[in-house]
Structures are given as structure tokens and as C-alpha cells.
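Engineer: One structure coming up, written as C-alpha cells, with questions to follow.
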Amino acid sequence: MVEAGQLAEAAQLLGPLVRGKRFTRPSRMNAESVEVDEVKAWLRDAIADPSSPDSRFMVERAYYKLRTQAQA
């Protein structure tokens, strides 16, 4: 979904995996390709080792980045 530019939908799917909600500031409507690549890397890391202590952090990081990018 991230590769297809469906940022809001991807954030919505990650939402249940995020513990607490925090405030995010609205940002640009279109994510820069560098930011999308970052999110993909974070999700790949989380999928590669789901038992890692960093895994949840990577998912939360991706969720908030996607949510910020999807809002306008």
C-alpha cells in the first residue's frame, strides 16, 4: 500500500499495532520518495525480526510517518 501511495490506508492498518496514540502535526499531502523509502525500510526491519525489541518501535515510527503524510 505504501508503494502504491495509499498512505492513509496503510496507516489505518498499522493503527491497531500502535500502543498509545500521540499528537501528530499535519504535513505535506504527497510524501517525498525518500520518506516512503524510509517507511518501507522500517517495515521490512519489523517483518524480518518481529520478536526484536526494536520491531514495535519501527511499526510505530512507520505508522506516525504515514499518518502525518496522509493528512493535509
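The values are calculated or read from the model by the stated rules, or taken from the named source; none is laboratory data. Since we're looking at a predicted model, the values are computed, not measured. All Cβ positions, glycine included, derive from the backbone under ideal geometry; neighbour counts span all protein chains shown. Only protein heavy atoms, including side chains, enter the accessible area calculation; ligands, DNA and RNA are left aside. Shrake-Rupley method; radii C 1.70, N 1.55, O 1.52, S 1.80 Å.
Engineer: Which of the residues belonging to segment 53-62 are farther than 14 Å from Glu38 by Cβ and open to solvent by less than 30 Å² (accessible area, probe 1.4 Å)?
Structural biologist: If the condition is that a residue be farther than 14 Å from Glu38 by Cβ and open to solvent by less than 30 Å² (accessible area, probe 1.4 Å), then Ser55 is the only one that fits.
Engineer: Would you confirm whether any residue within segment 26-46 is at pLDDT 85 or above, surrounded by 11 or more Cβ atoms within 10 Å (Cβ to Cβ), small (Gly, Ala, Ser) and in a helix (DSSP H, G or I)?
Structural biologist: Within segment 26-46, one or more residues are at pLDDT 85 or above, surrounded by 11 or more Cβ atoms within 10 Å (Cβ to Cβ), small (Gly, Ala, Ser) and in a helix (DSSP H, G or I).
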